[in-house]
Structures are given as structure tokens and as C-alpha cells.
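These notes concern the structure reproduced below.
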Amino acid sequence: MNCDKLKRICVVVGHYGSGKTNFAVDLAVKSAASGAKTNIVDLDIVNPYFRTADFKNMFEQKGISMTSSVYAVSNLDIPAITFDLNSVVSENQNVIVDVGGDDAGAVALGQYKSVFEKYKDETEVLFVINMYRAMTEHPQQALEVLREIEAISRLKATAIVNNSNLGIETDAGTVLNSLEYAKETAELCGLELKYTTYPEWVNPESFPTDMNFMPVKRYVKASWEEDFR
């Protein structure tokens, strides 16, 4: 994984609205651009508003394999998994797993506990936070969300990604205002603050040099944003 030495398998979890799917898609694109064989796994098995499966054509163009339920991008809300994750992670490739932001997503993740334990040394579980979204506006709330995900999935997070943003209104100030929140959340959770992300259109000149920042491209957009950026 060519992103500051991320491990080969990245499991991306977070609350609804955290931007975890966009982050997962961006990781996959970065991985493929580095020349690595890459597979993105969609564990949003109960159809949410945005799904990694919606990006199938783009993934094909960039040489990214996609693994998802046969019910993805359908109108059927069927919480079923129809693929073998063990065979996916056993191959010599980078794997990004986008986990649904609800209880069903955590349950689906928990079904593969033995797989991730088998590849523990190669796996990151990244908890994506966004202080501008309801239910994670304060560090204690973010901790509660994380503990719920961990309890249901039976997997422990290994690091935090601060993805605090206001969508198309995000600017440098938006990111800077979230830094203390991110530090406090990481400390409260007892985890490393791996990255703070920022949209590609933001100038990072004012960002402190003692933290890891990652530019991300905006892939997940609402219909009215299609022509933005």
C-alpha cells in the first residue's frame, strides 16, 4: 500500500457521513496508481446511499478489481454476502475493505474475523472520523461509535483517520479547526492518528508540519455536485 507504508489489507470503518467510502475509493486509486495489484471489497451489504459498487466502471478503467455482493447496485435490500473474502486477501494484492456504516456492516465484518486474524500482521483497521457529522461531533461520541463497531465486529481498530470535512464547502480552515478534535479523539481511543485528509483543491501551506496529511480526490458526490471540482 503506497500511502505512508499502510499495510497490505486496509479495513475502513466509520459512522454514516464520515466519508469512509470516498476515503476507501481514494486509497484504492492511489494503490493502483503506484503499480500495485489492487482489489476493493464492498461490505455495504444493505444498500446505502453511496456504495463502492457504484464505481465499477472507473475501477475497471484504472485496473482495480472489485469484490461485492451480487445484490450491490440493485434495488434489493438483501443483507447477504456472496463472495469468499479469504480467497481475496490470500492473493498477492492490496485489499481495501469498505465496511457499511451501520450494525449490518459491522456484523458482516465480524463474519470474517478469522480471516483478518489469519492476516493480522498485514491488516490495518482504520476508523474514519468527521467532527462535522451528527453523532461524532465530540471525541466521546466518536469513541462510543468505535466501541460499538468493535463490539459487533469483534475486531479492534488500529488507527484513526481524521476525515473532517464539509463537502464542497471544505477549506483549509475547515481542516485546521478539526485538528484538536482529532488529537483528542485519538488519545481517548488509545489509537494512533494516522492521517488527516484534505480535498485536493485545498492549499495545505498553513498545515502544521508535525502531522501526517493526505490529499484526497472527491469521488463520492451527490447528484447536484457532479460538475463541481
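Read the figures in this text as sums done on the coordinates, not as results from a lab. These numbers were taken from a predicted model, which means no experiment stands behind them.
Taking just the C-alpha trace of the range 136-202, give me its Rg and Dmax in Å.
Values for the range 136-202 (Cα only, Rg and Dmax): 12.7, 37 Å.
Return the long-range amide H neighbours of F213 (sequence gap of 5 or more, or a different chain), with a cut-off of under 5 Å between placed amide H atoms.
T196
Near the amide H of M131, under 5 Å away, which other amide H atoms are found, from residues 5 or more places off or on another chain, if H is placed in the peptide plane?
Long-range HN contacts for M131: S164, N165.
What full-extension length gain, to one decimal in nm, is calculated for D121 and S90 as 0.36 nm per residue of separation minus the Cα-Cα distance?
Result: 9.9 nm gained on full extension.
Below 27 Å, Cα to Cα, which lysines can K113 reach? Residues fewer than 8 away in the same chain don't count.
K5, K7, K20, K30, K37, K56, K156, K194
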